[in-house]
Amino acid sequence: MQSSKQKKDYIILGGGISGLTAARALKDAGHESIVLESSLSAGGLTRSIKADDFCFDYTGHFLHLARFKSPQDIPYAGLNNADWGSYERRSSCFVDGHLNPAPIQYNLKQLPPKKFTACVESYNKRAPFPPNAEISFRDYLLAGFGSYLSDLFLIPQNEKTLGITLDRISGKSVKRFFPPPDEALIRAGIERESKTSAEYNSTFWYPLRGGIGALVAGLERGVPNVQELQGAVAVDIEKNIIRTQSGESWKWDVLLSSIPLPALCRITNDQELATLANNLSHSATIVFNLGVCTPLPSELKGIHWIYVPDRKIPFYRVGFYSNINQGMCPPDCYSLYVEVGVNGADLDTINIIEDIQPKVFNALNDLGWVQPKDVVCFVVHIIRCAYVHHTFERERLIEKIFKRLESLNIYPVGRYGLWDYISMEDSIISAMEAVKKLL
């Protein structure tokens, strides 16, 4: 326990939602802290930007709540429910040239007849693995949903998203966010019309005005010391000094980090941490935010996002801000985000402007979802660290990393600090729990 007379230097790396929450929790407990943020403003990937008359998030970020009842119940954020809308997810899967209700595994009846029959036959012939078997994500899908649906949608959709073969992902690790098939729901989707499952993201909250950055604004209001353009480039674990991109140095007694775990390990002068981090991997997402000055095509009205498993199409998901909040764009226009997934290790070898961008626009045009001549505004965001790869060795690696970091008074928080797949809500909670443990 820390004595109330002791004064420690608390430094927080990263001014995203978990970093800001950590600062607020420390302040609430009577401790000062400094948040070192690499960008021009706090918020991390939960920022919103204005571009002409359009408002975009970094990509489609929606507030899914499981432990807090509503936005105004989120600690430190100071939100008012009157400023937020609650939405029941309306998502689709683009399969065989048709938009089918998602989740596809619980809406099989909506597929074209031949594909429906093949999915059902394959599902009935599936061969489940023993409950505790150490299998890949690919085998987990095949065993749970059958080969036809897996090959048609589940495997290509997840490989496009993660930028990696599912043979390298642990089936055991993904169960938390991709649960096994619900037999009753699958049978219901086979025998009658569409059935909605109670997944964690079946409902969500979103601001009625502006973008998801409203959450960041609420958290930041109570944080007095956010140092922008001060991303950490070196962490001296012997002298407890951080050097930042501006060349400044900061002394710390306790360090909380929300930056990607491998990046943190590599900027320490610790060979053990760097070696462990080199075996962690992740995807990257290239996001095209588009403002389109024409009415939305009728077949897309009301859809929040579309999953696109076809490997010939460069993107894995398309979402429509304006179908959730029309205030994100001018009247008679629509706005959307288009996500392209790649392996994080390959990102810097890709020519986004000359290669990816033309393919994205051509595909949108061919699908009839966007005519390039109607695009009046677009912003490209590169999310260098998008989805953590839950490989077979991940748990062993991060256990060693966390143990070593704790011995140095360094405590990771948030989705990327903890190197996990968790929601915004869980990122906030992780920061609160880390501070509580420290104090």
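The values are calculated or read from the model by the stated rules, or taken from the named source; none is laboratory data. None of the values given here were measured: they were computed from a predicted structure. Positions of Cβ are backbone-derived with ideal geometry, glycine not excepted, and every protein chain shown enters the neighbour counts. Remember, those area values only see protein heavy atoms, side chains included, never the ligands or the DNA or RNA. Shrake-Rupley method; radii C 1.70, N 1.55, O 1.52, S 1.80 Å.
Structural remarks
- Residues that are surrounded by fewer than 19 Cβ atoms within 10 Å (Cβ to Cβ) and either touching a Phe, Trp or Tyr at 6+ places or on another chain (Cβ under 6 Å) or of a type in the set (Gly, Ala, Ser) (or both) occur at least once in region 134-146.
- Region 108-126, residues that are in contact (Cβ under 8 Å) with a residue 60 or more places away in the chain and either closer than 26 Å to His390 by Cβ or among the acidic types (Asp, Glu) (or both): Tyr123
- Among residues of region 25-44 that are within 23 Å of Arg243 (Cβ to Cβ), those with a Cβ under 8 angstrom from a residue that is in a loop (DSSP other than H, G, I, E, B) and among the charged types (D, E, K, R), sequence gap 6+ or separate chain, pair up as Leu26/Glu32; Ile34/Asp9; Glu37/Glu228; Ser39/Glu228; Leu40/Glu228; Ser41/Arg47; Ser41/Glu228; Ala42/Glu228.
- Considering the conditions (1) open to solvent by 10 Å² or more (accessible area, probe 1.4 Å); (2) within 30 Å of Gly231 (Cα to Cα); (3) not in a helix (DSSP H, G or I), Phe94 is excluded by exactly one of them, (2).
- Residue match in region 157-169 (condition: part of a helix (DSSP H, G or I), open to solvent by less than 10 Å² (accessible area, probe 1.4 Å) and over 21 Å from Val338 (Cα atoms)): yes
- Residue check for Tyr387: of a type in the set (Phe, Trp, Tyr) and more than 27 Å from Leu347 (Cα to Cα): no
- Boolean, Arg90 is more than 29 Å from Val287 (Cα to Cα), out of contact with any Ser or Thr (no Cβ under 9 Å at 6 or more places or on another chain) and charged (D, E, K, R): no
- Per the listing Gly30, Gly78, Gly15, the residue uniquely of a type outside the set (Val, Ile, Thr), buried (at least 23 other Cβ atoms within 10 Å of the Cβ) and assigned to a loop (DSSP other than H, G, I, E, B) is Gly15.
- In the set (1) at pLDDT below 95; (2) in contact with a helix residue (DSSP H, G or I) (Cβ under 9 Å, 6 or more places away or on another chain); (3) farther than 24 Å from Ile241 by Cβ, the condition left unmet by Lys5 is number (2).
- Hits in region 304-324 (condition: more than 18 Å from Ile382 (Cβ to Cβ) and either among the aromatic types (Phe, Trp, Tyr) or assigned to a helix (DSSP H, G or I) (or both)): Trp305, Tyr307, Phe320, Tyr321, Ser322, Asn323
- Within region 308-324, the only residue that satisfies the criterion of being open to solvent by 30 Å² or more (accessible area, probe 1.4 Å) and either over 23 Å from Ile353 (Cα atoms) or of a type in the set (Gly, Ala, Ser) (or both) is Asn323.
- Some residue of region 263-277 being of a type in the set (Val, Ile, Thr), closer than 30 Å to Trp84 by Cα, open to solvent by 20 Å² or more (accessible area, probe 1.4 Å) and in contact (Cβ under 8 Å) with a residue 24 or more places away in the chain: no
- Phe129 meets all of the listed conditions (1) in a helix (DSSP H, G or I); (2) hydrophobic (A, V, I, L, M, F, W, C); (3) within 29 Å of Tyr387 (Cα to Cα) but one, namely (1).
- Of the listed requirements (1) touching a residue at least 40 places away in the same chain (Cβ under 8 Å); (2) closer than 14 Å to Val287 by Cα, Asp374 misses just one: (2).
- Of the listed requirements (1) acidic (Asp, Glu); (2) modelled with pLDDT under 95; (3) surrounded by 22 or more Cβ atoms within 10 Å (Cβ to Cβ), Asp53 misses just one: (3).
- Of all the numbered requirements in (1) open to solvent by 70 Å² or more (accessible area, probe 1.4 Å); (2) modelled with pLDDT of 95 or more; (3) not basic (Lys, Arg), Leu149 misses one, and that requirement is (1).
- Filtered residues of region 197-256 (kept if among the aromatic types (Phe, Trp, Tyr) and either farther than 26 Å from Val435 by Cα or open to solvent by 50 Å² or more (accessible area, probe 1.4 Å) (or both)): Tyr200, Phe204, Trp205, Tyr206
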